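Working notes, structure below.
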Amino acid sequence: MAIGERIQALRKRQGWSQQQLAKKIGTSGPIVGRYERGEMTPSVEVAKKLADTFDVTLDFLVDDTGRTAEIKDKAMLQRIMDIQALDTEDQKTIVHVLDSLLRDAKAKKAYAPQ
């Protein structure tokens, strides 16, 4: 799905007109229409405002491959949310430890007898 189609789908899901969305991101209704029709591509700054307005990630908004990150394991999702709630230094420490453990697990798997 192209960014314009995604903007339109998200806008309609919220029940907003193009003018209402435009007001929220500081532009005009006709500009939003041009984004949705693919006649214009929003700047990075505008794309960020759109993502924030729709409460989605910028990656989700601009990814036209159709892939979306999915975490099906609720316990794993809760762990990620818990990590995100921590301060930056604690997050960095946890990610560093996880990276080390993942590297070790991948190495162990690569050298395991087949």
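Quick notes on this one:
- From the list LEU58, LEU101, LEU77, LEU86, the lone residue that is among the hydrophobic types (A, V, I, L, M, F, W, C), over 19 Å from the mean Cα position of the chain (by Cα) and either surrounded by 12 or more Cβ atoms within 10 Å (Cβ to Cβ) or at positive phi (or both) is LEU86.
- Taking the chain and the helices (runs of 4 or more DSSP H) fully enclosed by it, the elements with 2 or more residues that are in contact (Cβ under 8 Å) with a residue 24 or more places away in the chain are at 3-14, 18-25, 29-37, 44-54, 58-62.
- Any hit, the range 17-36, residues being aromatic (Phe, Trp, Tyr) and either modelled with pLDDT of 95 or more or surrounded by fewer than 17 Cβ atoms within 10 Å (Cβ to Cβ) (or both): yes
The values are calculated or read from the model by the stated rules, or taken from the named source; none is laboratory data. No experiment lies behind these values; they were computed from the predicted model shown. Don't worry about glycine lacking a Cβ; one is built from the backbone with ideal geometry, like all the others, and counts go over all protein chains shown.
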